[in-house]
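Quick notes on the structure that follows.
Just so you know, all these numbers are worked out from the coordinates, no wet-lab data involved. None of these values were measured; they are calculated from a predicted model. Virtual Cβ from ideal backbone geometry, glycine too; neighbours counted across all protein chains shown.
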Amino acid sequence: MVRMDKMNGSSNGMNGGTCEPATDERAWTVGLLSGGKYLTAETFGFKINANGTSLKKKQLWTMQPTGDAGQISLRSHLGKYLAVDSFGNVTCETDELEAGGVFEIALSTDGSGRWALKNVERKYFLGSAGDKLVCNAKAPADSELWYVHLAARPQVNLYSLGRKRFAHLSEDQDEIHVDANIPWGEDTLFTLEFRDNHYALHTCNNLYLHREGGLQSSCAEDCLFSIEYHNGSLALRDRAGKYLSPVGSKAQLKSRGIAVTKDELFTLENSLPQACFSAALNDRYVSVKQGIDVTANQEEVEQTERFLLEFDPDTRRWYIRTMQDRYWTLESSGGIQAAAGKKSSNSLFDLVWHGDGSVSLRANNGKCLSAKKSGHLFANSEENEDNAKFYFYLINRPILVLKCDQGFVGYKSSSSTKLECNKTNYETVHVERGDKGRVFFKGQNGKYWTPEDGISASGDVPHPFFMELREPTRMCIKDEHGGYLCAQKNGAFALDNTDVSGATYWEF
């Protein structure tokens, strides 16, 4: 028998946008693995089993706290609750949460990081038996222990509930410090990599967090952590049973205590897109370096040339925010200034994408922004005019993870350079910035993405692509010939449709 530790809850929540779909800000969407197979809710007949081979729609479960510390419910992709009746039969066909649908989480202390789910009503543990689920074990054995696979957007900002600050890469890029007031720039972007049923924290400079606080180039056993759920918050435990927390005056992220307090709790926050724009006519970057005037007159990208893009779902337009927490705003003169501390309709802009990879920004007066000789921006042009075109760079994604409805982008096999988009696990992609809006994608093998037999990471010469931001976490990708990167059947993807209506919206 495996000894279990009860997982106590906290009063804090996780950003619900990270693990979707969720009805509670403390909810996670997860896959549950037992014996290498996923808990599955079949589309027809409300049948459930534990024989899923990968994490797809039928293997997604929304896990929500029920009110008591450490107690949760599980809801299938069909919106039905997993429940146990008085005879130990496991069902998943009710729309309402009943007493038999409440489970208590216990964590194995054998170092595996697995969870056991004890049915609160029946007092037995949920287990898998091939095509059947059972709830008859008084104590958890292997068949009652589950690995938890977060169905989260893997690139996130990490927020400490104890410090009330965000994690970021240190100035020397050799540690992670948890002292950023806002998650600005690529240094605050982290990739949660699911490896060997555990998680590694991958930084934007392609290093992995070691449990003792350093960063290293390879992902070893001491870089792997199991996850715990605490009423919506996250705790990360290393193989020695210690938890990650910010330590010392530098708030260095490292393993320390063996108990979970507020210092050991984190939430995963969506990393909003941050961009820079260069004017097509003068190749200068748009900036607020000189004050409140928004001008295209800088040759380098520094903090004053980076902007946060906030999406307004009602109008499907964008707010553009500076590091000084000011918004680009259309003034009565037609000029653009970054003086507004609050959002307004005059702070909303359309992104109008062009075939040559450029973008126009349409202001609230229906006119597009153009740069004067001085660099000052005015909303007085039409979208097809050359002086209304800008080049867009997604500045806070030096490492990219791409996903579509079929799954993540990854290699067809361990020995192949061909890429497919139906993978359970993802490959991180390095993004190199070119000129005039071009970007180049490079695989972990050091080779560039090239349109060869679909898409493969086999090129010695960079092949240019353009990114088109369509939603806060979705983009379209095309090349210089106007072909969009489209997902095809059976996981293949290639440059195909030249019409955006047929393009794949890639989640990033």
- FRET efficiency, 1/(1 + (r/R0)^6) with R0 45 Å, evaluated for Ser86 and Ser344 via beta carbons: 0.15
- Message: What does the charge count around Leu308 come to, taking other residues whose C-beta lies under 14 Å from its C-beta (Lys +1, Arg +1, Asp -1, Glu -1)?
- Response: -1
- Would you calculate the separation in nanometres between label points at Asp356 and Asp386, each defined as 7 Å from the Cα along the Cα-to-beta-carbon direction? 0.7 nm
- Note on the structure: A correct fewest-to-most ranking of Thr473, Thr450 by other Cβ atoms within 10 Å would be Thr450, Thr473
- Given a cut-off of 15 Å, what percent of all Cα-Cα pairs of the stretch 183-250 lie beyond it? 55 percent
- Task: Please list, or write none, the lysines whose alpha carbon is within less than 24 Å of the alpha carbon of Lys418, excluding same-chain residues fewer than 8 places away.
- Result: Lys56, Lys403, Lys442, Lys447, Lys478, Lys489
- Item | Sequence of Arg317, Arg433 once ranked by neighbouring C-beta atoms within 10 Å, starting from the fewest | Arg433, Arg317
- Determine, at each q value in 0.12, 0.15, 0.17, 0.20 (inverse angstroms), the log₁₀ of I(q)/I(0) that the Debye formula gives when each Cα of the stretch 274-394 is one equal point scatterer. -0.35, -0.56, -0.74, -1.09
- Query: Say the dipole of the chain comes from +1 at the beta carbon of Lys and Arg and -1 at that of Asp and Glu; which of Ser160, Ser333, Ala379 then lies farthest toward its positive end?
  - Reply: Ser160
- Message: Just to be sure I follow: if Rg is taken over the C-alpha atoms of the chain and Rh is the Kirkwood radius over the same atoms, what is Rg/Rh?
- Response: 1.00
- Task: Of the DSSP beta bridges with both residues in the chain, give the percent that are antiparallel, rounding to the nearest 5.
- Result: 100 percent
- Note on the structure: Lys and Arg at +1, Asp and Glu at -1: neighbours of Lys342 with Cβ under 13 Å from its Cβ sum to +1
- Task: Would you order Glu25, Glu96 from fewest to most other beta-carbon atoms within 10 Å of each residue's own beta-carbon?
- Result: Glu96, Glu25
- Message: Viscosity 0.692 mPa s, temperature 37 °C: give me the Stokes-Einstein translational D for the stretch 61-174 in µm²/s, with Rh taken as the Kirkwood radius over C-alpha pairs.
- Response: 205 µm²/s
- Query: How large is the charge dipole for the chain, taken about the Cα centre, if only the Cβ atoms of Lys, Arg (+1) and Asp, Glu (-1) carry charge, to the nearest 20 debye?
  - Reply: 780 debye
- Near Lys138, which aspartates and glutamates are there with a Cα under 20 Å away, not counting those fewer than 8 places off in the same chain? Asp5, Asp85, Glu104, Asp110, Glu121
- What list of ³J(HN,Hα) values in whole Hz, one per residue of the stretch 280-286 in order, does the Karplus curve 6.51 cos²θ - 1.76 cosθ + 1.60 (θ = phi - 60°) give from phi, with Gly and Pro shown as x? 5, 6, 10, 6, 9, 7, 5
- Task: Count charges around Gly459 for me, please; just the other residues with Cβ under 15 Å from its Cβ, Lys/Arg as +1, Asp/Glu as -1.
- Result: -2
- Message: For the stretch 62-132, which trypsin sites (Lys or Arg not before Pro) pass both filters: DSSP loop (anything but H, G, I, E, B) and at most 12 other C-beta atoms within 10 Å?
- Response: Lys123
- For the stretch 399-507, inverting the pair-averaged 1/r of distinct alpha-carbon atoms gives a Kirkwood value in Å of 13.7 Å
- Taking every pair of alpha-carbon atoms in the stretch 161-308, what share in percent sits in each 5 Å bin, from 0 to the bin with the longest distance? 2, 9, 17, 19, 17, 11, 8, 7, 6, 4, 1, 0
